[in-house]
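**Student:** Attaching a single structure in structure tokens format; questions to follow.
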Amino acid sequence: MDTVWMWVGFNVFVLCLLALDLGVLHKGDKQITVRHALLLSLGYVVLAFIFAGGIFAFMGETSGYQFLTGYLIEKSLSVDNIFVFVLIFTHFAVPPQYQYRVLFWGILGALVLRATLILVGAAVIEAFHWVIYIFGAFLIFTGIKMLITVGEEPDIENNRIVTFMRRRFRVTEAFVGSKFFVIENGVRYMTPLFVVLILVEITDVVFALDSIPAIFAITTDPFIVYTSNVFAILGLRALYFALAGVIHRFHYLKYGLSLVLVVVGAKMVLNAWFGTKVIPTEVALLITALLVGGSMLFSMWKTRGMPSEAAAESAGKWWVPGSPSKKGGEGGDTKQ
């Protein structure tokens with residue numbers, strides 16, 4: 001019964017946050033300032049650490065460290081999404097005042113989809129323990145693949161998802177305010193903003209195939225996995241607006257995130273194989289912090305004095321779901 005109330009209470013809390021976010025803090029279409037985004041992002045981080053304190057107090061030290069490690073991994077890997085969001089919004093020339101609405105609904109859908117994936121994943125691991133080896137091997141493979149293809153530029157113009165939607169559905173030529181659908185001459189059309197929303201949603205689902213197995217390497221407790229995911233995702237919108245203008249300075253962060261996947265994949269496989277904590281959660285937390293923090297500092301040092309255009313061009317070489325690489329056909333689809 002206590003477990004049920006924990007799930008209910010947490011989800012009610014999340015719904016209240018979302019209602020406050022959309023209904024009060026960001027009512028109407030307006031451009032989000034960097035200062036506002038930084039304060040909001042800091043607020044979500046503080047809430048996550050307060051929640052972590054509650055985990056330590058009521059569920060024990062082990063669960064507390066598992067939550068913190070999972071949160072840091074999910075928060076770090078969510079920067080992947082920000083790189084892609086920047087590329088998508090830039091390519092489609094989405095006005096800044098409409099970007100927040102796209103991210104809000106995209107992330108709301110992501111919360112539902114991730115919750116489903118987490119519950120299914122936890123049930124599968126409990127029933128078939130050997131699946132842990134598949135998850136671990138997948139993370140190692142994905143991390144190495146990302147390292148190899150980190151410099152490829154996506155061809156968003158020929159994105160298969162966008163091409164499919166434009167061929168199968170009626171899409172207006174231009175944005176119609178912040179609307180996803182409009183009716184013209186009695187016929188319903190979707191707008192390019194809805195196409196962008198679908199691309200954002202699919203991006204998160206595909207990226208979740210990496211991030212969710214990564215946190216299962218830390219714990220198989222569905223509540224810890226879910227809550228750490230939710231806190232990382234809730235702060236993603238604010239983090240996007242806080243970093244969008246300077247994300248090009250963090251090119252080498254991509255390498256750090258790739259190595260994080262390799263490390264947590266190795267942790268999952270080794271701990272499962274030996275049946276003990278060969279790599280403790282605290283060590284995984286420290287390694288993740290060093291890789292992410294070190295790659296960010298190295299990126300800032302390498303891009304010091306670099307023209308913003310050159311840094312932006314370097315940062316623009318990342319991966320977008322459904323987009324082939326401009327250098328060699330389908331090479332850009334590294335996660336499919």
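Rule-based calculations on the coordinates, nothing more; no lab input. What you see is a predicted model, and the numbers here were worked out from it, not measured in a lab. We place every Cβ from the backbone using ideal geometry, glycine too, and count neighbours over all the protein chains shown.
**Student:** For residue 297 paired with residue 141, estimate the spin-label separation in nm (one decimal), with each label point 7 Å from Cα along the Cα-to-Cβ line.
**Tutor:** Inter-label distance under the simple model: 3.5 nm.
**Student:** Next question, about the same structure. Tell me the mean residue ellipticity at 222 nm calculated for the chain from its helices only (DSSP H runs of n ≥ 4, each -39500 (n - 2.57), averaged over every residue, nearest 500). Spell out each step's value before the answer.
**Tutor:** Values: 12 runs with 234 residues, N = 336.
Calculated at 222 nm, the ellipticity per residue is -24000 deg cm²/dmol.
**Student:** When the chain is treated as a GNM, springs tying every alpha-carbon pair under 10 Å, which of 204, 21, 221 comes out with the largest mean-square fluctuation?
**Tutor:** It is 21.
**Student:** May I pose another question? Can you work out the Karplus-derived ³J(HN,Hα) for every residue in the range 121-129? Use 6.51 cos²θ - 1.76 cosθ + 1.60 with θ = phi - 60°, whole Hz, and x for glycine or proline.
**Tutor:** Values, residue by residue: x, 5, 5, 5, 5, 5, 7, 10, 4 Hz.
**Student:** Report the charge-dipole magnitude of the range 101-232 in Debye, nearest 20, computed about the Cα centre from +1 at each Lys and Arg Cβ and -1 at each Asp and Glu Cβ. All intermediate terms of the calculation are to be shown ahead of the outcome.
**Tutor:** Working: 10 positive and 11 negative charges, 105 e Å.
It comes to approximately 500 debye.
**Student:** Under a 10 Å cutoff between Cα atoms, tell me which one of 70, 60, 322 has the largest fluctuation in the Gaussian network model of the chain.
**Tutor:** Of 70, 60, 322, the Gaussian network model singles out 60 as fluctuating most.
**Student:** With θ set to phi - 60° and the Karplus curve 6.51 cos²θ - 1.76 cosθ + 1.60, what are the ³J(HN,Hα) couplings of the range 289-303 in order, to the nearest whole Hz, using x for Gly and Pro?
**Tutor:** Per residue, the Karplus-derived 3J(HN,Hα) values read 4, 5, 5, 5, x, x, 5, 5, 5, 5, 4, 5, 5, 5, 9 Hz.
**Student:** For the pair residue 104 and residue 188, how long in nm is the line joining their label points, each one 7 Å along Cα→Cβ?
**Tutor:** 2.2 nm
**Student:** Search the structure for amide H atoms under 5 Å from the amide H of residue 323, placed 1.01 Å from N in the peptide plane, and list their residues when 5 or more places away or on another chain.
**Tutor:** Residues meeting the criterion, in which the H sits 1.01 Å from N, are 160.
**Student:** Using the charge dipole of the range 34-325 (Lys, Arg: +1 at Cβ; Asp, Glu: -1 at Cβ; taken about the Cα centre), state which of 195, 175, 213 has its Cα farthest towards the positive end.
**Tutor:** Farthest towards the positive end: 175.
**Student:** Amide H to amide H, which residues 5 or more places from residue 152 or on other chains are under 5 Å from it, using H placed in the peptide plane?
**Tutor:** Long-range HN contacts for residue 152: none found.
**Student:** Along Cα→Cβ, 7 Å out, is where each label goes; now give me the distance between the ones at residue 158 and residue 46 in nm to one decimal.
**Tutor:** 4.9 nm
**Student:** I'd like the Karplus ³J(HN,Hα) series for the range 103-118: coefficients 6.51, -1.76, 1.60, θ = phi - 60°, whole numbers in Hz, and an x wherever there's a Gly or Pro.
**Tutor:** Values, residue by residue: 5, 4, 6, x, 6, 4, x, 5, 4, 5, 5, 5, 4, 5, 4, 5 Hz.
**Student:** Principal axis lengths of the range 34-325 from Cα atoms, whole Å, largest first?
**Tutor:** Computed over the range 34-325, the largest-to-smallest principal extents equal 64, 48, 36 Å.
**Student:** Then there is this: Dipole magnitude of the range 34-325 about its Cα centre, charges +1 at Lys/Arg Cβ and -1 at Asp/Glu Cβ only, in debye to the nearest 20?
**Tutor:** 400 debye
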